[in-house]
1. Being closer than 18 Å to residue 28 by Cβ, over 11 Å from the mean Cα position of the chain (by Cα) and crowded, with 16+ Cβ neighbours inside 10 Å is the filter here, so list the residues in the range 48-60 that pass it.
2. Would a scan of the range 13-20 turn up a residue that is modelled with pLDDT of 95 or more and within 21 Å of residue 1 (Cβ to Cβ)?
3. Any idea which of (1) loosely packed, with under 13 Cβ neighbours inside 10 Å; (2) in a loop (DSSP other than H, G, I, E, B) is the one residue 6 doesn't satisfy?
4. If you check residue 61 against the conditions, is it of a type in the set (A, V, I, L, M) and touching a Leu at 6+ places or on another chain (Cβ under 9 Å)?
5. How about the range 9-41: which of its residues are touching a residue at least 60 places away in the same chain (Cβ under 8 Å) and part of a strand (DSSP E or B)?
6. Output the number of residues of the range 108-123 satisfying the condition of being in contact (Cβ under 8 Å) with a residue 40 or more places away in the chain and open to solvent by less than 60 Å² (accessible area, probe 1.4 Å).
7. Could you list, in sequence order, the residues of the range 61-84 that are of a type in the set (Phe, Trp, Tyr) and open to solvent by 10 Å² or more (accessible area, probe 1.4 Å)?
8. Pairs please, first residue from the range 51-67 and touching a residue at least 60 places away in the same chain (Cβ under 8 Å), second anywhere and open to solvent by 60 Å² or more (accessible area, probe 1.4 Å) and aliphatic (A, V, I, L, M), Cβ atoms under 7 Å, 6+ apart in sequence or on different chains.
Amino acid sequence: MACLPLFAGLRSETLARLSRTIRLLELPGHRAIFSAGQPIREVHFLVSGAVKRFIMRSDNVEKVLELAQPGALFALGETFAAEIYSSFAETIKPSVMLVLSKSALNDAAAHDPVLSLRLLQAVAGALHAGEFSHQQHRALSVTQRVLDYLLELAGDRRRLVAGRGLDRPD
């Protein structure tokens, strides 16, 4: 846990408090992690694999909210702002996550200002990325948005795509 940027260098008491509730979760691809309507009791850190978080629109069409890559704390805003999930999360491919108690993380943040600041930075970063993504989404064609989605799934390997004449606009 101490190797994750969010927790690196934290006080030993904070790490001990958190480690009491942490567990490793390994899931195959296309497996549900949580569903809308479930209470939010845990926080998920993606160690390896890929996770898709989405909602189901009223016309029963899936709308992707987030594509989490390794190192991500996903569903960040929802985790800290709500008591019940409004979204769904599932693995895209086999994935490993560190899962810890939301209440333990909140308690640790209340006692450790460094952790509190890092969580605030993570939430602000997610908000900023969402704002930028929303603005960019409106300006791109459907083809460009699909290409962005595929690049994000592939880990944004522009070198491979650029060599085929499919460069993504900046």
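The values are calculated or read from the model by the stated rules, or taken from the named source; none is laboratory data. Note that this is a predicted model, so its numbers are computed, not measured. Cβ: placed from backbone, ideal geometry, glycine included. Neighbour counts: every protein chain shown. Accessible surface areas use protein heavy atoms only, side chains included; no ligands, DNA or RNA. Shrake-Rupley method; radii C 1.70, N 1.55, O 1.52, S 1.80 Å.
1. 49
2. No, every residue in the range 13-20 fails to be modelled with pLDDT of 95 or more and within 21 Å of residue 1 (Cβ to Cβ).
3. Condition not satisfied by residue 6: (1).
4. No; evaluated as a whole, the condition is false for this residue.
5. The answer is 23, 24, 25, 26, 27, 33.
6. Within the range 108-123, residues that are in contact (Cβ under 8 Å) with a residue 40 or more places away in the chain and open to solvent by less than 60 Å² (accessible area, probe 1.4 Å) number 6.
7. Selection gives 80 alone.
8. Sorted first by the residue in the range 51-67, then by its partner, the list stays empty.
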